[in-house]
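**Student:** Let me give you the structure first, and then I'll get to my questions.
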Amino acid sequence: MPSIIRFFTRTVLLLGFSVGFFAHAQTPEKIGTGTISGKVTIEGKPAPGIVVLINKDTERWEQNKPATKATTDASGVFKLEKLSAAKYYLSASAPGYYDAKKKSEWDNGTQVNLGEGEQADGINFALTRGAVVTGRLFDDRGHKVIEETIVLIKQGREGQKKTVTCSDTSDDRGVFRCYGLEPGKYIVGAGTDSKEGNLQLYASISYTRTWYPGVAEEDKAKVIEVKIEEETAGIDIKLSHKKKGYKVLAKIIDANTGKPVPNMLIGIGTANEEGLVTDFTFGSGSISNSEGDVKIEGLTTGHYVLVPNAMQSGEYFGEQIKVEIKDEDITGLEMKVEKGAIISGTAILADGVNQEIQKKLSSLSLIASSNAPKSDDWYASTRSASLIGAAGNVEFKGVRTGRVRFHLNGNEAKGFVISRIERDSSPLNDGLEVKAGEQVSGVRIVLAYGSATIRGEIKVEGGTLPDDVGLGIQAKPAGTQGQNMYGSVDSRGRFVIEGLGAGSYDLVVNTYSSKTSSSISLQKNSKTVQVTQGQESTVNLTVSIGGKDSREEK
Amino acid sequence: MKHGLLIIMMLFPLVILAQEKNEAVTEVTPKQKGKITGRVMGDDGQPMEGAIVSVSVVGNNNPDAWHLINADDEGNFIVSDLAPAAYTVFAESTAFVSPAVNSENKYYHLGDTVNFTLVKGGVITGQVTNTQGEPVIAAPLAIIRVRDAEGRKVNEQGWFSRPRKTDDRGMYRVFGLRAGKYLVLAGGKRAAGWGPQNSYDTDTGSYYPAGNRDSAIEVSVSLGEEINGINIRYRSEKGYSINGKVIGGPIGNLLAFGGISIILQSHPGHSTEMSSYIMPTDPTRSFSFYGVADGEYDLVANAGGGWGVEEKDSFFSAPRRIIIKGGNVANIELHLSPTSSVEGKVELAVSPEKEVKTECKSARTSIPAELVIGLRRDTGGKDDEPKPQNEMPVDVPDEKSEFKLKYLEAGHYHPNIVLPDETWYVKSILIKAPTPKSPAEKISAMTDAGKLGINLKAGEKLKDVTITVIDGAAGISGKITGEKNQALPPRLRVHLLPADKELAEDLLRYGEVKTKADRAFAFANLAPGKYWLLLRNVEESEAEEKPAPPAAWDAKLRQQLRREAEAANNLVELKACQRVNDYVLKLK
C-alpha cells in the first residue's frame, strides 16, 4: 500500500483501537530477588544463542517498550535474575523456528506469576526448525502482485484448521516466502474473501481469494505437505483482479430533529455470512461533513457494515447498517442517530484512604458502557469514558438507551475497585437504566483501594486437563456489593490476584477451553480467605477433576 | 491541503508527481461545480490500472475535501462535483515512484487535466548476518536517503510501502526507492506503536556494511535499478532510553485526534528518527523512547492539527536538544504552548484603466476561492534549526474570500500567494493594527506584510490581514544563452528585481526561479513596472528538493543583488497585461 495512504489508515486504526485504553507512566524499575530460568531446545537438543524475551504484565501495553532479553548459553539454558514479584510473559524469539506453544505472532508467550524471591525454573521452550513455502503471485493480466498477504491454512488430522499468516507480503517481483512453518499439511492462498468486503480501501487493486494451484474454492485447493527445514518452492498463484472503486454514500441524521449530524466518524466494517463484523476501518470521507454526509470510496463487491460513532467520542449513538455491494455504488443511505444520555455525578474514594492514594484519583478514568440489543452489533454499543475531575466529578456523554454499567479503565486503575454505585443515595446493584437524550445526575461511584494480594498454587488431581483447557481463578467478595476480582493462573499452576480490599473472599477455581465452549467441572474448587490491606496471603488449592463425563456444555 | 495530509507531507519525502497541465477555457463562479481529470501511465506506456490518485483542497481540514480514487483500466481518473478551489493532485502505485522531483506544490483548478508517468523505483537487496556469520532473521530494515539523484545532501527517513524484514536466510529486499544515495540499517525500533515485539527492538540498528554509523557506506541507486549484495554485519548494540513528560497542552480532550505526538529528530539534519504518541486521555503525559544510539537529537512535541481538533487544543513545544552519550536520559520536560494563527481576507481590486480589461485576456476567469494563501518561514539563514512543525501552512479562501492559517509556530514568516491565472498580481498585503484599547493609545499605521513579512508570537492570533489582488498582471519568459561554445553551469537561478529604488524593499516585487535543462525561465503575475533580470549560479550544495530561501529576504543579500543587477543592467519595462516572451538572457 502506498506510503501516504498507509500512514493515514494505520494512524487512524491505531488511534481507533486505542480508545478506551490508556497508556501509562513508566514506574522506576524495582530490583527484586526472583529468578526465572529454563531451557530452549531445538528438536530435543539444547539450543545455544537463542534470545528469550520477557515482559512484565504491566509493561506489555506500554508504547515503544521493548522486552528484556536473555540469551541461552552453550547448554541452551537462560536465566533472568533480580526480578521483582510480578506477572511475566516469556517467549523464545526464534523466527525461523516453530514453537508449538505460540498461537500467533501476537501471542504473549508463557505466563509466569512470580512471587517475591521465588525461583521459577523449568520454563522451557521446545522449538522445531520451521518449513519454508515460497512462490510467486501474478494476476490474470500477467502483472506481478505486490504486497499481497499470503494465507496458509494448516490442515489438522481431525479436520481442524489453523490459519497462519505468512512472514511477509509479496515483494516487487510478486515473490513471497513464508518461513518458520510448523511441519504438516497446508493449503496456500492469496487475495481477499469474495463474500466479505475488502477493507483495503486504498490498495491499488483488489484480488479475489485464490488457492494454489488456482482455484476459488477452499476445498478444491491442493494440499501441500511441508517437512522440517524443507523448502517447498514453486507455489505460484494466479489471482483474478476484482473490480474496485465502488462507494457508499450515507447521510447521518438526528432521529429527533431530522437535521444532519456533522463530525461523526463512521467506520466501515466487513461482515461475514452471519452478518457479524469481522474488522473495520475508516476512509478519508468517514467523518460526516456539515451536511451530515459520509462517503466511503475504494470498495469492492461484498458485504459491509456501517458502524456509527466508531471512535466512541461523540454525543450520538446509532445502529449498524448492513449493506451489500453487488455491481453498483450504494447511495441514499440514511443513518439515524440519537443523542445519547448524559450521566453525571461523582466518583469518590471510600473512607480511610491516605493522601497518596487520593492523589492517584485524578489519573483514573471510568467507562459507562451500554450494549446494543443484539450482541452481534457489538460495535454499536457505547463505551463513554470520563476522567475523574478535581472535585471528583464525572460525566459520560452519548450513552445509548439501555442498561448502563460502570467500569474502571486501564492500567492506572490497578488497585482500585468500584465498591458500590448509588443514585440519589439508593444503591444501583444492577446498573442504571437510561433513555436517549436523558440527563441523569446524582450518580455516585464509590471506589475503594485494595492493596491486598492472594498468591498461591493450584494442584489438579484425579486426572490431567486436556491441552486446550486452562485454569482460571476469581475472588468473590463474601456478602458485599463489591466486584469480583480475577486472577490468572500460569503454566505452573501459580496464580495471583492483586488489588483486593480488606475482607473475606471466596476463591473459586474454574476451567476454560480455547477450543470449545464447554468446560470441565471441578470438585473442591473453592476456599474462603480473609485478607488485610498491604498484605500478601498465600493459599494453595487442590482441585479434583470430576468423573469422566465432567466436560459439560455451558 | 487537509491537515492529515499536510502532516504526512511534513514527515515523509513525498513528491508531487510529474504533471502536465492543460487549461481549458472555463468560466468559474463560486456556486459552480466542476471536475479534475487525468491519466496515470507507467514509463512503459501502459496504463497504471488501480494507481491511487489523491485530489484534495489545499489547506482544508474537512475530510470531504479529500478524494482518493483508483485509476481505471485505461489509467484514467475523474473526480467530479468539485467546488471551485485550488487542489493538489498526486498519484502513487506500490513499488513505483515519480521521476520528477518538485519541491514546490503545484495547484490545480476545475477543468484541469493532470497526467502522471510513474517509474519503477530502485531496489536494494542484501543479507544481514551476525558476527558469527549466521543469518539475522526477521530484522526490520530501515533506510535513510542521504543524497539526491545529483549527489546533494538530503536527510530523509525512507518510508516503504510496508516495512520490510529479513527472511529466514537473513535476506532482505527493499523496493520503490527514489534515485539517490541511501544508508541501509537493520534492527532498531523507529516507529511509534504497540506491535509484536522482536529481539531487535532495543538495538540501535546496524548500518551497512559493518554496523556502526561512522563507517556506514552510502548505497547509490537509480530508478528501475537493482543493487544487490548490500550485506550488513549485525551488531547487537543496546541503545539508550529517553523518557519524560509533556507539560501543558489540551485538557480532558477525549477525541483521539487530540493526542500529543513526540518526535525525536536527528541533529543536524532533522529527519525523524523515532516517534511516540500520547493518548488524549492519558493523564500522565509521559513518553519513552528506547534503543536510541549515541548522538545529538532534537525532541519536539505537538498536539492537535488533526481533524475536528479545535484551535484551542493545538499546541507546540519548543525543540529540546538531547545528547546521548553512553547513558539514558530521563525526566525530560517538554512544555507545550498554544499555536498561532493568521486570519484575513482577499480583496479583488479592479484596475482603473478600462482598456486593460479587454487586453488582459486569460484562458479562464478565476475567483478568489482559487487562490492559495501560504506562509513560508524565514529562519534568517539558520539552517541548523529544527524543522518547523507546520512547514508549509496553506489555505484557500472560502466563499466570503476569508482565510485562516492555523497551527503555526512563533517565528518570522513571509506570505506566499499562488494565483490561479496569469491576469492577477498581488498588489499589497496589509495588516490592520488592532483597535486601540484606550483613547490615549495611538492608532498605528497598517503594517506592510508584503515588505516586512509577519512576526508571530507564540499563541498569537493575528487578524485583519488584507491581501489585495488586482488584474493587469504582466509576465516575462525567455531563455538563457551563453557566448558561442560556452558551457553553461548545470544549474542557474534567474532573479527578478524591481528597478525602481522606491520599491527596493517591497518583497512582493521580487522573484527568483531555478532553470532546468532547457534553460527556460518564466515569471508571471507581475505588477507593471521596470524590472532587472539577474543571472546567478545555484550553490552546489543546494539540494533540488530543498531550495534555499529567496535571496531577497536577507537585507544584505538584497543589497548585493541590487548592485549586481544594476551592473548587469538587464532592464525590462512591463506594461499592464504585457507578456514578454522569448527574452534572451545572456550569461556573461
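**Student:** For region B:511-530, name all the residues that are over 16 Å from B:Val418 (Cβ atoms) and touching a Leu at 6+ places or on another chain (Cβ under 6 Å).
**Tutor:** The answer is B:Thr515, B:Pro528.
**Student:** For region A:74-94, enumerate the residues that are within 14 Å of chain B (Cβ to nearest Cβ), of a type in the set (A, V, I, L, M), out of contact with any Asp or Glu (no Cβ under 7 Å at 6 or more places or on another chain) and farther than 15 Å from A:Gly34 by Cβ.
**Tutor:** Correct list: A:Ala74, A:Ala94.
**Student:** For A:Ser425, only one of the following conditions fails: (1) touching a residue at least 24 places away in the same chain (Cβ under 8 Å); (2) among the small types (Gly, Ala, Ser); (3) closer than 30 Å to A:Ser451 by Cα. What is its number?
**Tutor:** A:Ser425 satisfies every listed condition except (1).
**Student:** Could you tell me how many of the residues in region A:37-73 are out of contact with any helix residue (DSSP H, G or I) (no Cβ under 8 Å at 6 or more places or on another chain) and either assigned to a strand (DSSP E or B) or within 9 Å of chain B (Cβ to nearest Cβ) (or both)?
**Tutor:** 25
**Student:** It is to be established whether one or more residues within region A:265-282 are among the hydroxyl-bearing types (Ser, Thr, Tyr), under 20 Å from B:Trp66 (Cα atoms), at pLDDT below 90 and within 30 Å of the chain's Cα centre (by Cα).
**Tutor:** yes
**Student:** Let me ask you something else. Only one of A:Asn256, A:Asn263 is farther than 30 Å from A:Val145 by Cβ and within 13 Å of chain B (Cβ to nearest Cβ); which?
**Tutor:** From the options A:Asn256, A:Asn263, the qualifying one is A:Asn263.
This table checks each residue for (1) surrounded by fewer than 21 Cβ atoms within 10 Å (Cβ to Cβ); (2) more than 30 Å from B:Gly248 (Cα to Cα).
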site: B:Lys457; (1), (2): yes, no
site: B:Ile470; (1), (2): yes, yes
site: B:Arg491; (1), (2): yes, yes
site: B:Leu497; (1), (2): no, yes
site: B:Ala504; (1), (2): yes, yes
site: B:Leu533; (1), (2): no, yes
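**Student:** Any chance you could count how many residues in region A:49-73 are over 31 Å from the mean Cα position of the chain (by Cα) and at pLDDT below 95?
**Tutor:** Result for region A:49-73: 1.
**Student:** Can you list the strands (runs of 3 or more DSSP E) found entirely within region A:279-318 that contain at least 1 residues being of a type in the set (Phe, Trp, Tyr) and closer than 30 Å to A:Gly191 by Cα?
**Tutor:** A:302-307
**Student:** Sticking with this structure for a sec: Scan region B:244-261 and report the pairs whose first residue is within 9 Å of chain A (Cβ to nearest Cβ) and whose second residue is modelled with pLDDT under 55 and buried (at least 17 other Cβ atoms within 10 Å of the Cβ), with Cβ atoms within less than 6 Å and a gap of 6+ or a chain change.
**Tutor:** B:Ala256/A:Leu15; B:Ala256/A:Val19
**Student:** For A:Thr346, which of the numbered conditions (1) within 14 Å of chain B (Cβ to nearest Cβ); (2) modelled with pLDDT of 90 or more fails to hold?
**Tutor:** (1)
**Student:** Is it the case that A:Ala436 is in a loop (DSSP other than H, G, I, E, B) and crowded, with 17+ Cβ neighbours inside 10 Å?
**Tutor:** Criteria met by A:Ala436.
**Student:** Has region A:158-167 got at least one residue that is surrounded by fewer than 23 Cβ atoms within 10 Å (Cβ to Cβ) and within 14 Å of chain B (Cβ to nearest Cβ)?
**Tutor:** yes
**Student:** Does region A:232-253 include one or more residues that are assigned to a loop (DSSP other than H, G, I, E, B), within 32 Å of the chain's Cα centre (by Cα) and either modelled with pLDDT of 80 or more or of a type in the set (Asp, Glu) (or both)?
**Tutor:** Within region A:232-253 (the criterion being assigned to a loop (DSSP other than H, G, I, E, B), within 32 Å of the chain's Cα centre (by Cα) and either modelled with pLDDT of 80 or more or of a type in the set (Asp, Glu) (or both)), the answer is no, since none of the residues qualifies.
**Student:** Select, from A:Ile123, A:Ile146, A:Ile153, the only residue that is away from every other protein chain (no Cβ under 14 Å) and crowded, with 20+ Cβ neighbours inside 10 Å.
**Tutor:** Among A:Ile123, A:Ile146, A:Ile153, only A:Ile123 is away from every other protein chain (no Cβ under 14 Å) and crowded, with 20+ Cβ neighbours inside 10 Å.
**Student:** Related question: Considering only region B:314-337, state which residues are within 13 Å of chain A (Cβ to nearest Cβ) and out of contact with any Lys or Arg (no Cβ under 8 Å at 6 or more places or on another chain).
**Tutor:** Within region B:314-337, B:Asn328, B:Ala330 qualify.
**Student:** Of all residues in region B:570-588, count the ones that are at pLDDT 90 or above and closer than 21 Å to B:Pro489 by Cα.
**Tutor:** Of the residues in region B:570-588, 5 are at pLDDT 90 or above and closer than 21 Å to B:Pro489 by Cα.
**Student:** Output the strands (runs of 3 or more DSSP E) that fall wholly within region A:339-410 and possess 3 or more residues being β-branched (Val, Ile, Thr) and more than 21 Å from A:Leu306 (Cα to Cα), or say none.
**Tutor:** Those strands (runs of 3 or more DSSP E) span A:341-349.
**Student:** What number of residues in region B:482-505 are over 25 Å from the mean Cα position of the chain (by Cα) and either over 24 Å from B:Asn525 (Cα atoms) or assigned to a loop (DSSP other than H, G, I, E, B) (or both)?
**Tutor:** The qualifying residues number 12.
**Student:** Another question about this same structure. Out of the residues in region A:527-541 meeting the condition of being surrounded by fewer than 16 Cβ atoms within 10 Å (Cβ to Cβ) and of a type in the set (Ser, Thr, Tyr), tell me which one is modelled with the lowest pLDDT.
**Tutor:** Here the answer is A:Thr532.
**Student:** Which residue out of B:Gly229, B:Gly205 is of a type outside the set (S, T, N, Q), surrounded by 19 or more Cβ atoms within 10 Å (Cβ to Cβ), farther than 30 Å from A:Ser386 by Cβ and modelled with pLDDT of 80 or more?
**Tutor:** B:Gly205
The values are calculated or read from the model by the stated rules, or taken from the named source; none is laboratory data. This is a predicted model, so every value here is computed, not measured. Neighbour counts are summed over all protein chains in view; Cβ atoms, including those assigned to glycine, are modelled from backbone coordinates with ideal geometry.
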